[in-house]
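These notes concern the structure reproduced below.
The values are calculated or read from the model by the stated rules, or taken from the named source; none is laboratory data. No experiment lies behind these values; they were computed from the predicted model shown. Note that we place each Cβ from the backbone using ideal geometry, even for glycine, and neighbour counts take in every protein chain shown. Ligands, DNA and RNA are stripped out before the accessible areas are found, and what is left, the full protein with its side chains, is counted by its heavy atoms. Shrake-Rupley method; radii C 1.70, N 1.55, O 1.52, S 1.80 Å.
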Amino acid sequence: MEKVETKKLGTFLGVYTPTILTIFGVIMYMRAGSLVGTIGMWPLVFIVLISNSITLITTLSFSSIATNKKVGVGGAYYIVSRSLGFEIGGAVGLPLFLSQALSITLYSFGLAEVIKMFVPSLPLNLVTFGIIAVVAAVSFIGAGFAMKTQIPVMIFVAVSIFFLIAGAFMKGSFLECFSTFPTSAGEIFARHGDLSFFAAMAIFFPAVSGIMAGLGLSGDLENPQKSIPVGAIAATLTGFAFYITLPLFLAMGSNSDPEMLKDPMIWSRISPVNGNIVILPGLFGAIFSSAVGSMLGAPRTFIAMASDQVASRKGQKFLKSKKGEYASFVLSLAIACGAVFLGDLNTVASILTIFFLTVYGIVNITAALETLSNEPSWRPQFKIPAIISLVGGIACIIVMFLIDPLLSVIAIIIEVILYFILRRVAAQNSAVGDARRGVYENLIKNSLVQLKDLKMTPRNWRPYIQVFVNNPEKQLKLIGFASNFGLSSGIVTVTEILLGRLGEDKVDIEGKIDLMENLYSRNALSVFPEVNVVDNFEEGILSAVQANGMAGLRSNTIMICWPDNVEKYLPRYLSIMRRISFLKKSTVIGKVSPDFDVKNSQKTIHVWWGGLQRNGDLMLLMAYLLTKSPAWDDAVIKLLRMVPDESAKESAEAELRKLSADSRISAEPMIIVKEKDELFENVLSRVSSSADVVFLGLNTPAKGEEEDYAKKLEIFAEPLKAVFFIKNSGIFQGQLLETGEEKK
């Protein structure tokens, strides 16, 4: 394929000319007349109005994106993939590539119909194949030909339009056409034979779909930031101005004779001079140059898309080689030839419309998200309000479904499937950036600003858990529980503490975080990792606790993993807990057996009740949150209480049932009568050793008594599969269940 050698192009030759020549093409010459004859002049005017409104908004959207950064190979694919990520870019790249390949078939069908008028015996499909072959040969051997013939073709098109308008005013009445203005919506949207309003729109829409023709030449423009918006918008408005009046000229020139209008060569019949002389050069030139442009554009889009998705060096080398160019060219040619079997120009136009609307919808949504993101890097020279792009995107989706619901659903399903497939390789291209992140960050910032003015209540409490670990892989089961606690409504941060001196000891913090993210992602854990380097264990944890979060999203619960060396570290944890309580944050010390497996468990949860004010509210709420996760959704919560004798059993059970009803948490009461002189640790071992998860309250030992209390906790934890000792030191101590009983 010959590379186009050009000087730096200006707005007119680089953007306006290729865009307007694509807009003034096969539909304008070969179908506009028959549409007026079939559905009427005014319905087509409304179709033009809707279609051009969509394309004008899309032009504004991609002009805004194009003036924010250099547009590389791939046009619309490039701007979407560099704004919304490679997975979405790849999903929209396929319909863009297919629309360019199918455009070759569309234009070839148009030329074939013209040739068949002069030689009726020729088979339409055979002529179409021949034209595709000629288009491919010109594109392959002499790509520069299209650039060199743009001005002569523009002149031919302008001459044909002039003689159409002149013939219309000579043969018809301007006022008579306007006197037929419809008096009801029914007249506009009425069905005409097999052709409905939106079926007619599907045939017409490709006429105005050449708005991105100038994007592919961005690298050859002298000033792309200026030329792309000015040239594309000017071409779109030029096309709009002519197309909105075209039905009027066709109706005037034919005296609204349906039979005359259905003649594909209606332009020649309206022209006051020999129509073939003044119309055919423009018709052939515009359609053929558009076909060549599509033949050149489709392989470039495919290579751009494939280059972003192929990770291997061998694949990249192939795509950038001549063999890769030839392969993409042959693929485009094969699709264009295969589309010939779809039947005719109208069928191809309808399918093409769905693909174009898909691409335009995503481009508009991309521009809206870029604007809404408020990213400092979003500094387009041509700015438009986000609402305009958003309306354009929504309009594309609505019109798609009005034209062909089934094909629209199929197109969306294919794109969604592609999106999920491409997510696997998207991480390799993360350096490009993603406007979605900016949108989310902007939403978070605005939400935080609003959040600080709203008073926190027990009803609003959510588990914002900060988990401290020193070996993420070894402590993965505990982190899994933390993830389950916060999965339905909370946020979980996993903080790895590394002892050392920041800036002096060599610690790869980013590498550690990457390892943690990969570990948690592989295990489907919804947590956020961070690494803190500290030179003092206790002070380091307290500093990390105070620094975690921002505004109303600070951690409210600190989870500490049960230490391997209980004698050395557990007393220190209890000392840290005392200081954490001054920050109005709760503490959870969790121990999970190494062989614990939720898949093999009975999913029984024991909550040892000691009262709302004695950590009971947070214990029961954490048990409930655990059951909200998919892994524990069928778990049974048992609410346990120990009483001294049988006489107290009935009233205790009634209280627990009332607690369950008032708190709206399904929990089975379980009253244990303590045997004479039986220690609690013996009762706990006897009753809860078979339970899968146990929640116990945690007291704050007096200063100096941490070691004795730690030994007691070790005895409690020893027979249990998974146990969480909970100390509620939050601002809503005793109120989290909203039972109406704050002191029970």
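So, of the residues in segment 577-602 that are open to solvent by less than 40 Å² (accessible area, probe 1.4 Å) and in a loop (DSSP other than H, G, I, E, B), which turns out to be nearest to residue 690 (Cα to Cα)?
Out of the qualifying residues, it is 601.
Here is a check on your reading of the model: is residue 334 among the hydrophobic types (A, V, I, L, M, F, W, C), open to solvent by 40 Å² or more (accessible area, probe 1.4 Å) and at pLDDT 90 or above? Spell out the reasoning first.
Working: among the hydrophobic types (A, V, I, L, M, F, W, C): yes; open to solvent by 40 Å² or more (accessible area, probe 1.4 Å): yes; at pLDDT 90 or above: yes.
Spelling it out, residue 334 is indeed among the hydrophobic types (A, V, I, L, M, F, W, C), open to solvent by 40 Å² or more (accessible area, probe 1.4 Å) and at pLDDT 90 or above.
Could you give me the residue pairs with C-beta distances under 8 Å whose first residue belongs to segment 22-35 and is closer than 13 Å to residue 344 by Cβ and open to solvent by 10 Å² or more (accessible area, probe 1.4 Å), whose second residue is in a helix (DSSP H, G or I) and not polar (S, T, N, Q) wherever it lies, and which are 6+ apart or on separate chains?
31/203; 31/204; 31/207; 31/345; 31/349; 34/261; 34/266
Do you know which of the residues in segment 512-548 that are within 34 Å of the chain's Cα centre (by Cα) and of a type in the set (Phe, Trp, Tyr) is farthest from residue 730 (Cα to Cα)?
Per the stated criteria, the residue is 520.
Select from segment 213-265 the residues that are part of a helix (DSSP H, G or I) and among the charged types (D, E, K, R) and write down the one among them that is modelled with the highest pLDDT. It would help to see each step written out before you state the result.
Filtering segment 213-265 for residues part of a helix (DSSP H, G or I) gives 215-220, 224-254, 258-261.
From what is left, the residues that are among the charged types (D, E, K, R) are 220, 226, 259.
On the way: 220: 65, 226: 83, 259: 77.
Looking at the filtered set, the residue picked out is 226.
Which residue is surrounded by the fewest Cβ atoms within 10 Å (Cβ to Cβ), if the candidates are limited to segment 547-576 and must be outside any strand (DSSP E or B) and of a type in the set (Ser, Thr, Tyr)? Don't jump to the end; show me each part of the working.
Of segment 547-576, the ones outside any strand (DSSP E or B) are 547-556, 562-576.
Among the residues that remain, those that are also of a type in the set (Ser, Thr, Tyr) are: 555, 569, 573, 575.
Numbers: 555: 25, 569: 18, 573: 24, 575: 16.
Within segment 547-576, the match that is surrounded by the fewest Cβ atoms within 10 Å (Cβ to Cβ) is 575.
Rundown of residues vs (1) touching an Asp or Glu at 6+ places or on another chain (Cβ under 9 Å); (2) part of a loop (DSSP other than H, G, I, E, B); (3) within 23 Å of residue 215 (Cα to Cα); (4) in contact (Cβ under 8 Å) with a residue 12 or more places away in the chain, yes/no style:
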residue: 48; (1), (2), (3), (4): no, no, no, yes
residue: 56; (1), (2), (3), (4): no, no, yes, yes
residue: 68; (1), (2), (3), (4): yes, yes, yes, yes
residue: 94; (1), (2), (3), (4): yes, no, yes, yes
residue: 112; (1), (2), (3), (4): no, no, no, yes
residue: 115; (1), (2), (3), (4): no, no, no, yes
residue: 127; (1), (2), (3), (4): yes, no, no, yes
residue: 131; (1), (2), (3), (4): no, no, no, yes
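Tell me the helices (runs of 4 or more DSSP H) entirely within segment 645-744 that contain at least 3 residues that are free of Cβ contacts under 8 Å to residues at least 12 places away in the same chain and among the small types (Gly, Ala, Ser).
Counting at least 3 such residues, we get 649-663.
Scan segment 373-394 for residues that are hydrophobic (A, V, I, L, M, F, W, C) and over 20 Å from residue 91 (Cα atoms) and jot them down. Explain how you work it out, then say what you get.
Going through segment 373-394, the residues hydrophobic (A, V, I, L, M, F, W, C) turn out to be 378, 382, 384, 386-388, 390-391, 394.
Within segment 373-394, 378, 382, 384, 386, 387, 388, 391 meet the criteria.
Results for (1) in contact with a Phe, Trp or Tyr (Cβ under 7 Å, 6 or more places away or on another chain); (2) over 19 Å from residue 27 (Cβ atoms); (3) open to solvent by less than 10 Å² (accessible area, probe 1.4 Å), shown as yes or no for each residue.
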position: 83; (1), (2), (3): no, yes, yes
position: 117; (1), (2), (3): no, no, no
position: 122; (1), (2), (3): no, yes, no
position: 127; (1), (2), (3): no, no, no
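Output the residues belonging to segment 667-699 that are of a type outside the set (Val, Ile, Thr) and more than 25 Å from residue 647 (Cβ to Cβ). Steps first, please.
Applying the first criterion (of a type outside the set (Val, Ile, Thr)) to segment 667-699 yields 667-670, 674-682, 684-686, 688-692, 695-699.
Those that are of a type outside the set (Val, Ile, Thr) and more than 25 Å from residue 647 (Cβ to Cβ): 685, 689, 690, 691, 692, 695, 696, 698, 699.
Can you tell me which residue among 389, 373 is polar (S, T, N, Q), crowded, with 21+ Cβ neighbours inside 10 Å and modelled with pLDDT of 85 or more? Give the steps one after another, and end with the answer.
Details: 373 fails: modelled with pLDDT of 85 or more.
So the residue among 389, 373 that is polar (S, T, N, Q), crowded, with 21+ Cβ neighbours inside 10 Å and modelled with pLDDT of 85 or more is 389.
Return yes when residue 350 is assigned to a helix (DSSP H, G or I), within 24 Å of residue 404 (Cβ to Cβ) and among the polar types (S, T, N, Q) and no when it is not.
Numbers: assigned to a helix (DSSP H, G or I): yes; within 24 Å of residue 404 (Cβ to Cβ): yes; among the polar types (S, T, N, Q): yes.
Yes.
Could you list all residues from segment 603-624 that are open to solvent by 10 Å² or more (accessible area, probe 1.4 Å) and either of a type in the set (Phe, Trp, Tyr) or under 24 Å from residue 524 (Cα atoms) (or both)?
Correct list: 603, 604, 608, 609, 621, 624.
As an exercise: evaluate residue 205 against (1) at pLDDT 90 or above; (2) open to solvent by 50 Å² or more (accessible area, probe 1.4 Å) and give the number of the one condition it does not meet.
(2)
Go through segment 625-642 and give me each residue that's more than 17 Å from residue 725 (Cα to Cα), touching a strand residue (DSSP E or B) at 6+ places or on another chain (Cβ under 9 Å) and open to solvent by less than 10 Å² (accessible area, probe 1.4 Å). Let's see the steps before the verdict.
Of segment 625-642, the ones more than 17 Å from residue 725 (Cα to Cα) are 627-636, 642.
Okay, now just the ones that are also touching a strand residue (DSSP E or B) at 6+ places or on another chain (Cβ under 9 Å), so 627, 632, 635-636, 642.
Hit for segment 625-642 is 632, nothing else.
Does residue 718 satisfy the criteria of being among the acidic types (Asp, Glu) and either modelled with pLDDT of 95 or more or surrounded by fewer than 16 Cβ atoms within 10 Å (Cβ to Cβ) (or both)? Please lay out each step first, then the result.
Numbers: among the acidic types (Asp, Glu): yes; either modelled with pLDDT of 95 or more or surrounded by fewer than 16 Cβ atoms within 10 Å (Cβ to Cβ) (or both): yes.
Yes, satisfied.
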